[in-house]
1. Taking the conditions exactly as written (in contact with an Asp or Glu (Cβ under 8 Å, 6 or more places away or on another chain), among the hydrophobic types (A, V, I, L, M, F, W, C) and either at pLDDT 75 or above or assigned to a loop (DSSP other than H, G, I, E, B) (or both)), does residue A:345 satisfy them or not?
2. Looking at this structure, is residue A:488 within 11 Å of RNA strand B (Cβ to nearest atom), closer than 24 Å to residue A:187 by Cα and surrounded by fewer than 24 Cβ atoms within 10 Å (Cβ to Cβ)?
3. In this structure, is residue A:16 within 16 Å of RNA strand B (Cβ to nearest atom) and without any contact (Cβ under 8 Å) to a residue 24 or more places away in the chain?
4. From the residues in region A:314-327 that are among the charged types (D, E, K, R) and touching a strand residue (DSSP E or B) at 6+ places or on another chain (Cβ under 8 Å), which one is least open to solvent (accessible area, probe 1.4 Å)?
5. Quick check: anything in region A:538-551 modelled with pLDDT of 90 or more and assigned to a strand (DSSP E or B)?
6. Sort out which residues of region A:427-459 are in contact with a Leu (Cβ under 7 Å, 6 or more places away or on another chain) and polar (S, T, N, Q), and write them in order of number.
7. For region A:551-571, name all the residues that are within 8 Å of RNA strand B (Cβ to nearest atom) and of a type in the set (Gly, Ala, Ser).
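The values are calculated or read from the model by the stated rules, or taken from the named source; none is laboratory data. Note that the coordinates shown come from a computational prediction; the quantities given were computed from them, not determined experimentally. Virtual Cβ from ideal backbone geometry, glycine too; neighbours counted across all protein chains shown. These area figures cover heavy atoms from the full protein model, side chains too; ligands, DNA and RNA do not enter into them. Shrake-Rupley method; radii C 1.70, N 1.55, O 1.52, S 1.80 Å.
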Amino acid sequence: MPTRLSSYFLRTLREDPSDAEVASHVLLVRAGYIRRQAPGIFAWLPLGLRVKAKIEAIVRDEMAAAGAFEVHFPALLPKEPYEITGRYDEYGPGMFRLNDRKDAGLVLAPTHEEVFTLLVKDLYNSYKDLPLTIFQIQDKYRDEARPRAGLLRGREFTMKDAYSFDYTDAGLDASYQAQRDAYERIFTRLGLEYVIVKADAGAMGGSKSEEFLHPTPVGEDTFVRSAGGYAANVEAFTTLAPDAKPLEGLPAAEVHDTPDTPTIQSLVDAANADHPRADGSAWTAADTLKNVVLTLVHLDGTRELVVIGLPGDREVDLKRAEVAFAPAEVEAANEADFAKHPGLVKGYIGPWSTGGAVLGDGSSTGIRYLVDPRVVDGTQWITGANVPGEHVFGLVAGRDFVADGTIEAAEVLAGDPAPDGSGPVELARGMEIGHVFQLGRKYAEALGLKVLDENGKLVTVTMGSYGIGVTRILAIIAELNNDDKGLIWPPTVAPFDVHVIATGKDPAIYEAAERVVLDLEAKGLDVLFDDRPKVSPGVKFGDAELIGVPTIVIVGRGVADGVVELWDRRSGERTQVALDAVAASFR
RNA sequence: CGGAGUAUAGCUCAGUUUGGUAGAGCACCUGGUUUGGGACCAGGGGGUCGUAGGUUCGAAUCCUGCUACUCCGACCA
């Protein structure tokens with residue numbers, strides 16, 4: 001049976017909704033696919049559900065091809081499993097939490113690692129049952145501080161999440177690869193451009209991790225890539241450190257007066273004016289060692305001051321710092337933090353003073369001191385002397401000061417060398433559409449998932465976790481496929497295959513349209529039939545363009561001559577076809 | 001969480017400056033006309049003007065508090 005617009009649950013809007021900004025959001029609401037329920041939470045209408053189902057069908061198809069089995073968990077879960085793995089605390093305010101009438105704690109799951117692990121623990125005990133990959137398509141909940149851009153960043157979103165279970169590392173590698181391959185096929189079938197980048201495992205824990213990013217300027221992720229094939233999320237980028245240099249023969253450090261130079265720029269200007277370099281070349285910001293004071297807020301709420309030393313031509317990238325210090329939160333140090341450490345002279349902080357070490361283990365302040373990987377032994381720096389208006393020149397790393405370690409917290413700049421030697425990187429923005437992780441044994445260990453191996457020995461299972469954002473993908477496809485008239489769905493995900501419009505007052509037109517619809521359905525096509533009487537042609541054409549079914553058949557005035565028009569939504573091209581040849585013109 | 005803005009009919013908005021009977025277009029209902037680009041005529045239903053308090057003879061309009069939403073930023077699949 002065709003879907004008849006005269007009785008379909010659909011209302012299109014003539015005007016843009018005032019609360020929508022991006023094209024996908026505006027058009028999905030206007031064309032009657034979704035309705036906003038609360039910020040970042042949407043109701044799905046019949047048209048929207050059809051597109052969602054199309055995307056899910058492709059995902060299911062490839063999951064089955066990859067040997068994964070579908071299950072379905074509740075979105076509402078007890079909090080205990082999340083407490084056991086520590087994620088109840090680590091996830092922070094991003095997780096929806098609630099209590100039932102008995103005051104038992106529940107969560108709306110942001111992801112389902114814990115309960116999948118427990119399910120397998122319940123049912124499986126032997127290595128013979130592995131490998132196993134199971135998945136679900138389920139709504140996830142994350143209490144985003146600021147949901148935005150409609151479906152692109154919501155608080156409720158549909159995700160396909162798969163979990164693999166192996167008892168050997170090689171097995172995990174194979175399971176991971178199978179999902180990774182499936183993802184490539186899924187995104188290819190959906191016609192979505194993607195880049196696979198090295199990623200940080202973040203709150204999930206685990207080791208190897210890659211993100212599938214759709215390159216777009218509006219993406220929330222910054223990633224780097226080199227011509228030689230290296231690609232990584234900036235959060236996972238590792239700095240290519242130069243070789244250490246010999247310490248012998250380097251001149252002694254000298255303290256100079258540098259009044260009113262609290263910033264790197266003012267310091268460089270003063271250095272060039274008053275203390276030019278011996279060989280005559282100019283000092284630059286890269287010759288200075290900037291010491292940035294950060295406060296770590298640990299999970300138990302304690303605050304720890306830490307100083308990061310990095311070349312003065314770079315800023316600290318807070319996201320990278322967060323990753324480096326996870327699960328602690330990172331903040332800029334505030335006045336109260338400084339007040340507790342009078343040894344820190346704002347604007348003139350450095351690891352060294354005439355009185356000895358100022359930063360690091362065993363120093364006068366005892367504050368943890370971590371440096372950028374570029375600060376290798378034998379490098380010489382201009383940096384604060386811990387006295388107002390004074391800097392030390394030629395301070396040598398490894399001789400005059402020793403850091404407690406290195407840290408990947410400096411911003412990544414275009415032109416930085418890729419860590420694998422494949423050349424300089426460029427920066428680009430992308431939106432995460434898939435993520436594959438090797439979780440390793442973190443969850444299995446915490447929740448006690450073990451199996452007996454060939455030798456009858458209990459071994460802890462190793463796991464992978466694999467996510468695809470279904471509703472986000474739907475939004476991206478809508479974002480990529482529209483014009484000023486409305487949506488233009490690719491045939492693979494369109495809510496219908498054909499949109500038949502009957503327009504005219506002659507009853508023969510409607511009779512002809514009914515026959516066309518039957519012919520099309522006989523070919524196995526999903527038909528949306530605009531049979532609305534007393535609706536003017538302009539409205540029908542406008543709605544068809546707004547809804548965005550790829551092919552539109554206009555049954556109207558041509559019926560008298562035995563022809564109808566095929567209208568390609570994307571190209572706008574219209575061709576005349578004989579009435580009885582319409583169905584044959586579809587593959 | 002910082003900054004900006006908005007809140008009046010189902011939707012998009014005017015009215016607030018200067019207090020005096022609640023408005024328009026679209027959508028919806030009835031009847032008629034119309035049918036290849038968002039038609040026309042006639043009639044109709046629908047709003048405690050976000051919320052609480054205050055000023056006033058009288059508040060959508062002035063004052064104060066609160067709340068919600070949107071955008072930018074921080075954060076985030």
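1. For residue A:345, the condition - in contact with an Asp or Glu (Cβ under 8 Å, 6 or more places away or on another chain), among the hydrophobic types (A, V, I, L, M, F, W, C) and either at pLDDT 75 or above or assigned to a loop (DSSP other than H, G, I, E, B) (or both) - is not met.
2. Answer is no for this residue.
3. Yes: the conditions hold for residue A:16.
4. A:320
5. Yes: region A:538-551 contains one or more residues that are modelled with pLDDT of 90 or more and assigned to a strand (DSSP E or B).
6. The answer is A:438, and nothing else.
7. Across region A:551-571, the qualifying residues are A:556, A:558.
Rundown of residues vs (1) within 16 Å of RNA strand B (Cβ to nearest atom); (2) within 29 Å of residue A:488 (Cα to Cα); (3) in the same structural domain as residue A:527 (by TED's automatic domain parsing), yes/no style:
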{"position": "A:27", "(1), (2), (3)": "yes, yes, no"}
{"position": "A:36", "(1), (2), (3)": "yes, yes, no"}
{"position": "A:41", "(1), (2), (3)": "yes, yes, no"}
{"position": "A:57", "(1), (2), (3)": "no, yes, no"}
{"position": "A:61", "(1), (2), (3)": "no, yes, no"}
{"position": "A:80", "(1), (2), (3)": "no, no, no"}
